[in-house]
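Okay, so here's the structure we're looking at.
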Amino acid sequence: MFSLYKKEIQSFFYSPFAYVLSALFMLIFGFAFVGRIVNMETSVFQFSFPDMFYNNFFYFIFIIPLLTMRSFADERRGGTEVQLLTSPLTIPQIVLAKFFSIVTVFIFMLVLSLFFPIYVSFHGTVIWPSLICGYVSFFLWGTTCIAIGMLISAMQSSSIIAAIIGEIIMEGFLTLDLIGASKMIESNPRLNSVVTWFSMQRRFVFIAQGMFRLEDLVFFLSLTAMVLFWIVLYIEKRRRSHN
Amino acid sequence: MVEVKNLTKHYGHVTAVNDLSFEIRDNEILGFLGPNGAGKSTTMNIIAGYLPSSEGTVTVCGHDIKEDARAAKKCIGYLPEIPPLYPDMRVEEYLRYCAGIKGIRRGEIKKEIEKAMERLQLTDMRRRLIVNLSKGYKQRVGLAQAIIGDPDLLILDEPTVGLDPSQVSELRDFIRELGKDHSVILSSHILGEISAVCNRVVIINKGELCAVDTIDNLERKAAGETILNLTVEGDQLAASMVLDGINGIREIKEVFEMGGDTFFFKISLEDEKVRQGIMSAMVENGISIVEMSMDKPDLEKVFLDLTRKKGSHKKSDNK
């Protein structure tokens, strides 16, 4: 399993892929950071990092399908899926190795973004507990989206189509949050409770603001586990009905 | 080594493989023949553990491929029709990855990679990106990943497709070499390749088993009658009279003049041994033999005969 994990990591870092996406991530973070400095109303160099994470949420959600699009689709198209499935590795091991490799790239991006709070710490004050909450919420939400992106990739043999469908689904998540906040839904308590329960954005904000609710943690972790399990079932089903 | 019992595979309402049973012995090269769509790749994929069967069992080195997949897969090296290569990896790096996913112990990986590269003459290419390799070298890398870890069973699906004649010859020699200490299943459309390399063949058509036997036995069975082609120099009448007097000749099927005093006879014999008697009688009567040959059906004729018989179920196993 470690060999597959290592190969996946190498395929990210031996190509410009991880660096281009990391640069894009830093650019988005940089814009949010500069925007915050420009709009500062006090001379104290202190601002809320969770707010910055919240701004990035809307942009980073579209980077995730680019990270995950190749995970399974490329294996199918290149004929290397046969090698994986005839190796002594089990399907759960294959899925986990790929998942952890993408999560590693995601962590690499988050580590790069530490540049901003470190820079702030030299010139002002960083509220560290608030920053940690921001990172935790961003990480939990990101890993769930990675699992969803991988599922879409497992269902496709073209990485480009996997990325496009991924973008549409991510847009769907954002739309769900907008629908949940609309007056029509808010006026119907039962419908509102269903829509808000599925809202990732609302749970993200709770954790980012330091409100650690067991419900939100369980939501992100169980949704990630469920989607990964779905990938395993999907690959197994496709293997059985292979034509 | 491998036992396939009553193997059946359905794709929805279509039956791709129907009740196949055969075995692969230790250190034997088994040819797998069949027209396109016969179910060869499906069968090989099931044996390799890529596809599950609908019914029946496959046992590799005593391990059931369904129940004990991990142990069974450790005994298998598989080279699919399209070699499973990552173009952006280097040869050595790719083989190291293959050794890793095959579960080879860390201490032995280096030794195994060196051995595989040496056997396939890839040592000079170790640092090359796979994308930059020629078709022949890519096929070698594909074969190297199959033999890494020295698995007992090698499944090679059309390994010579797209190679030039010298590469085909080299690869055949290599497969023959592998057959000395491995069991090999070799699928190919090239009948000459199967005849040249394999000990036994399995012929399937429309998912059903047509024959499992050695090539010699199949050819002998397909022959039906023993035909001798005889070209003599001398008097035609005298030669015919000599032939009439020999026991064991069924009939003279054809006679024609080839020019001058040379005549051609197509003779049906009861037994191949009668040939000796014909030779002696001709010499005794002063008739010189220009050429003498037995009409022997080749694998191509056997293959066509068996696969043209729709729904044939002629099992001629010599287990």
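Go through the stretch B:43-67 and report how many residues are touching a helix residue (DSSP H, G or I) at 6+ places or on another chain (Cβ under 6 Å), facing chain A (nearest Cβ under 9 Å) and hydrophobic (A, V, I, L, M, F, W, C).
Our first condition is that a residue be touching a helix residue (DSSP H, G or I) at 6+ places or on another chain (Cβ under 6 Å); within the stretch B:43-67, this holds for B:49-53, B:58, B:60, B:63, B:65.
Checking which are facing chain A (nearest Cβ under 9 Å) leaves us with B:49-52.
Next, from what is left, pick out any that are hydrophobic (A, V, I, L, M, F, W, C): B:51.
The total comes to 1.
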Going through the stretch A:157-199 in order, the residues found to be at pLDDT below 80, among the hydroxyl-bearing types (Ser, Thr, Tyr) and assigned to a helix (DSSP H, G or I) are A:Ser193, A:Thr196
Looking at the stretch B:22-32, is at least one residue within 16 Å of B:Lys5 (Cβ to Cβ), of a type in the set (Asp, Glu) and over 17 Å from the mean Cα position of the chain (by Cα)?
-> no
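Results for (1) in contact (Cβ under 8 Å) with a residue 24 or more places away in the chain; (2) exposed (fewer than 14 other Cβ atoms within 10 Å of the Cβ); (3) assigned to a helix (DSSP H, G or I); (4) on the phi < 0 side of the Ramachandran plot, shown as yes or no for each residue.
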| residue | (1), (2), (3), (4) |
| --- | --- |
| A:Gln201 | yes, no, yes, yes |
| A:Phe204 | yes, no, yes, yes |
| A:Gly210 | yes, no, no, no |
| A:Phe220 | yes, no, yes, yes |
| A:Thr224 | yes, no, yes, yes |
| A:Leu228 | yes, no, yes, yes |
| A:Val232 | yes, no, yes, yes |
| A:Lys237 | no, yes, yes, yes |
In the set A:Ile94, A:Ile64, A:Ile107, the lone residue that is modelled with pLDDT of 90 or more and buried (at least 18 other Cβ atoms within 10 Å of the Cβ) is A:Ile94
task: Kindly check whether there is at least one residue in the stretch B:98-105 that is more than 11 Å from every other protein chain (Cβ to nearest Cβ) and either within 24 Å of the chain's Cα centre (by Cα) or touching a residue at least 12 places away in the same chain (Cβ under 8 Å) (or both).
output: no
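Given the options B:Asn18, B:Asn6, B:Asn27, name the one that is in contact with a Ser or Thr (Cβ under 7 Å, 6 or more places away or on another chain), at pLDDT 85 or above, in a loop (DSSP other than H, G, I, E, B) and assigned by the TED database to the domain that holds B:Leu154. Full working, then the answer.
Numbers: B:Asn18 fails: in a loop (DSSP other than H, G, I, E, B); B:Asn6 fails: in a loop (DSSP other than H, G, I, E, B).
Exactly one of B:Asn18, B:Asn6, B:Asn27 is in contact with a Ser or Thr (Cβ under 7 Å, 6 or more places away or on another chain), at pLDDT 85 or above, in a loop (DSSP other than H, G, I, E, B) and assigned by the TED database to the domain that holds B:Leu154, namely B:Asn27.
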Restricted to the stretch A:51-71 and to residues being more than 14 Å from every other protein chain (Cβ to nearest Cβ) and touching a Ser or Thr at 6+ places or on another chain (Cβ under 6 Å), the residue farthest from A:Phe139 (Cα to Cα) is A:Met69
For B:Ser134, the lone unmet condition from (1) closer than 30 Å to B:Ile190 by Cα; (2) within 30 Å of the chain's Cα centre (by Cα); (3) within 13 Å of another protein chain (Cβ to nearest Cβ) is (3)
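Can you find, within the stretch A:77-119, the residue that is farthest from the other protein chains (Cβ to nearest Cβ) among those that are among the charged types (D, E, K, R) and touching a Ser or Thr at 6+ places or on another chain (Cβ under 8 Å)?
Looking only at the stretch A:77-119, we keep the residues that are among the charged types (D, E, K, R), and these are A:77, A:81, A:98.
Next, from what is left, pick out any that are touching a Ser or Thr at 6+ places or on another chain (Cβ under 8 Å): A:77, A:98.
Numbers: A:Arg77: 11, A:Lys98: 12 Å.
Taking the candidates together, the pick is A:Lys98.
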Answer yes if at least one residue in the stretch B:68-88 is outside any loop (DSSP other than H, G, I, E, B), away from every other protein chain (no Cβ under 13 Å), surrounded by fewer than 22 Cβ atoms within 10 Å (Cβ to Cβ) and modelled with pLDDT under 90, and no otherwise. no
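Conditions (1) over 23 Å from B:Glu291 (Cα atoms); (2) touching a Gly at 6+ places or on another chain (Cβ under 8 Å); (3) crowded, with 18+ Cβ neighbours inside 10 Å, marked per residue:
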position	(1), (2), (3)
B:Leu171	yes, no, yes
B:Leu178	yes, no, yes
B:Leu191	yes, no, yes
B:Cys198	yes, yes, yes
B:Gly207	yes, yes, yes
B:Val212	yes, no, yes
B:Leu218	yes, no, yes
B:Ile227	no, no, yes
B:Gln236	no, no, no
Per the list (1) within 25 Å of A:Tyr59 (Cα to Cα); (2) in contact with a strand residue (DSSP E or B) (Cβ under 9 Å, 6 or more places away or on another chain), residue check on A:Gly172 breaks on (2)
Just one listed residue, out of A:Ala23, A:Ala32, is crowded, with 17+ Cβ neighbours inside 10 Å and away from every other protein chain (no Cβ under 14 Å), and it is A:Ala32
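The values are calculated or read from the model by the stated rules, or taken from the named source; none is laboratory data. Here the structure is a predicted model, which means the values were calculated and not measured. When we count neighbours, we look across all protein chains shown, and the Cβ atoms used for this are built from the backbone with ideal geometry, even at glycine.
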